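Visitor: Provided herewith is a single structure, encoded as structure tokens, for subsequent inquiry.
The values are calculated or read from the model by the stated rules, or taken from the named source; none is laboratory data. What you are looking at is a predicted structure, and each value in this text was computed from that prediction instead of being measured. Cβ placement follows ideal geometry from the backbone for every residue including glycine, while neighbour counts extend to all protein chains displayed. Note: areas computed on protein heavy atoms with side chains; ligands, DNA, RNA excluded. Shrake-Rupley method; radii C 1.70, N 1.55, O 1.52, S 1.80 Å.
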Amino acid sequence: MGEFELIESFFWRRPGQGPRRAVVGNGDDCAVIAPAPGMQLAVSTDTLVEGRHFLSTVDPRRLGHKALAVNLSDLAACGAQPLAFTLALTLPRVDAAWLQAFAQGLLDLADEHECELIGGDTTAGPLAIGITVMGEVPAGQALLRSGACAGDDIWVSGFPGEARLALEAFRGTLHPGLSGDAFDATRLAMEAPSPRVALGVGLRGVASAAVDVSDGLLGDLGHVLRRSGAGAMLALDALPLSPWLGARPRAEQLDCILAGGDDYELVFTAPPARREGVTALGDTLGLVLSRIGRIEAEPGVRLQASGLDGEGDATPVPNRWVSFDHFRG
């Protein structure tokens, strides 16, 4: 099978399949898209490399899902509605069964979010997946990293840390190991994350800043703090614990939640006056939203055992956690 036969067999959408938003879609030198009147275009790119971002044993259907999910997560952090994406796929060989499953996982998630595949590229080489995703957001309403203000609450969605727990299970570092149910659940979190697109859209006009958790909660919150010129206090007892992570030793819990990464949950800030609105949004979406700290004027991150609302143990906790960095030694 050649390059163009590969594209037509696995990634070409027949009439009636998938969303159709592009003015000119897949098949020309360039796709042509037009955001709706009054909307701005949000664009993000992510690359997944075998052995770096995913294991060689991963189910290709889940890999297709995750490849798009991590990009949709960036749109979610911006409050953008998905519109379209391109796919750059580097393959060591043509494996029809693998491609069929990969394309199914990718396009099922794309259809779920009405995000059209409008082009891309295929080439031979070590397995790598590059996706550029485009979304639209009303002019002036994009969520940015730079809007956090002293006094704002810090919130996180879902249960960060499960993906890292699964990774450590694969590495064989957990003692005791995970039960079968725990491993299946945390492996699903690692291999097929759910992009929080509806949450991001719902946070327009509510959140003051947002970022998705890809490299670790502390590290990604740090991006917000640097761009906002602010600091933060986190109360460790306010961090959400899934049943699987809640059964682990406390040091392991904190390692996974604070520096695990690969969660694709949203960390966002909002004024205290918005607490009821944030809680109501979580209830509407059926999504756990946890208030874990507050923005402070003094730069840096201050960790304390508890006392989020001024009561409890405000004992400082040394920050020993470092988030993932591709090029750190």
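Visitor: Considering each residue of the range 67-90, count those that are open to solvent by 10 Å² or more (accessible area, probe 1.4 Å), in a helix (DSSP H, G or I) and within 14 Å of residue 132 (Cα to Cα), and give that number.
Guide: 1
Visitor: Condition first: touching a residue at least 24 places away in the same chain (Cβ under 8 Å) and surrounded by fewer than 18 Cβ atoms within 10 Å (Cβ to Cβ). Now tell me which residues in the range 102-119 satisfy that. So that I can check it myself, show each step before the final result.
Guide: First, the residues of the range 102-119 that are touching a residue at least 24 places away in the same chain (Cβ under 8 Å): 102-111, 113-119.
Matches in the range 102-119: 104, 108, 111, 114.
Visitor: Sticking with this one: Which residue, of 132, 90, is among the hydroxyl-bearing types (Ser, Thr, Tyr), more than 20 Å from the chain's Cα centre (by Cα) and either at pLDDT 95 or above or under 15 Å from residue 67 (Cα atoms) (or both)? So that I can check it myself, show each step before the final result.
Guide: Numbers: 132 fails: more than 20 Å from the chain's Cα centre (by Cα).
Among 132, 90, only 90 is among the hydroxyl-bearing types (Ser, Thr, Tyr), more than 20 Å from the chain's Cα centre (by Cα) and either at pLDDT 95 or above or under 15 Å from residue 67 (Cα atoms) (or both).
Visitor: I would also like to ask the following. Does any residue in the range 229-243 that is in a loop (DSSP other than H, G, I, E, B) come within less than 9 Å, Cβ to Cβ, of a residue that is among the acidic types (Asp, Glu) six or more places away or on a different chain, and which pairs are these?
Guide: 230/152; 230/296; 230/298; 242/162
Visitor: Okay, next question. Are there any pairs, at least 6 apart or on different chains, whose C-beta atoms fall under 9 Å, with the first in the range 19-43 and basic (Lys, Arg) and the second open to solvent by 90 Å² or more (accessible area, probe 1.4 Å) and at pLDDT 70 or above, and if so, which?
Guide: Between residues of the range 19-43 that are basic (Lys, Arg) and residues that are open to solvent by 90 Å² or more (accessible area, probe 1.4 Å) and at pLDDT 70 or above, the close pairs are 21/114.
Visitor: Give all pairs with beta carbons closer than 6 Å in which a residue from the range 190-211 that is without any contact (Cβ under 8 Å) to a residue 40 or more places away in the chain and farther than 17 Å from residue 82 by Cα meets a residue that is open to solvent by 20 Å² or more (accessible area, probe 1.4 Å) and in a strand (DSSP E or B); count only pairs at least 6 apart in sequence or on separate chains.
Guide: none
Visitor: Let me ask something additional. Can you report the number of residues in the range 81-101 which are in contact (Cβ under 8 Å) with a residue 40 or more places away in the chain, farther than 14 Å from residue 41 by Cβ and aromatic (Phe, Trp, Tyr)?
Guide: Matching residues across the range 81-101 total 0.
Visitor: Based on what the data block shows, is residue 269 at pLDDT 90 or above, surrounded by fewer than 19 Cβ atoms within 10 Å (Cβ to Cβ) and of a type in the set (S, T, N, Q)?
Guide: Taking the combined requirement at face value, the residue does not satisfy it.
Visitor: Would you point out the residue of the range 36-54, among those that are farther than 23 Å from residue 138 by Cα and surrounded by 13 or more Cβ atoms within 10 Å (Cβ to Cβ), that is nearest to the chain's Cα centre (by Cα)?
Guide: Residues of the range 36-54 farther than 23 Å from residue 138 by Cα: 46-54.
Next, only the ones that are surrounded by 13 or more Cβ atoms within 10 Å (Cβ to Cβ) stay: 46-50, 53-54.
Numbers: 46: 11, 47: 13, 48: 13, 49: 17, 50: 18, 53: 13, 54: 15 Å.
Filtering first and then ranking leaves 46.
Visitor: Hey, residue 260 hits all of (1) within 24 Å of the chain's Cα centre (by Cα); (2) open to solvent by 30 Å² or more (accessible area, probe 1.4 Å) but one; which does it fall short on?
Guide: Here residue 260 meets the rest and fails (2).
Visitor: Let me ask something else about it. With respect to residue 227, determine if the residue is among the charged types (D, E, K, R), surrounded by fewer than 20 Cβ atoms within 10 Å (Cβ to Cβ) and closer than 30 Å to residue 45 by Cβ.
Guide: In short, yes.
One line per residue, one yes/no per condition, for (1) assigned to a helix (DSSP H, G or I); (2) under 21 Å from residue 151 (Cα atoms); (3) free of Cβ contacts under 8 Å to residues at least 40 places away in the same chain; (4) of a type in the set (Val, Ile, Thr):
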{"site": "284", "(1), (2), (3), (4)": "yes, no, no, yes"}
{"site": "291", "(1), (2), (3), (4)": "no, yes, no, no"}
{"site": "303", "(1), (2), (3), (4)": "no, yes, no, no"}
{"site": "310", "(1), (2), (3), (4)": "no, yes, yes, no"}
{"site": "318", "(1), (2), (3), (4)": "no, no, yes, no"}
{"site": "323", "(1), (2), (3), (4)": "no, no, no, no"}
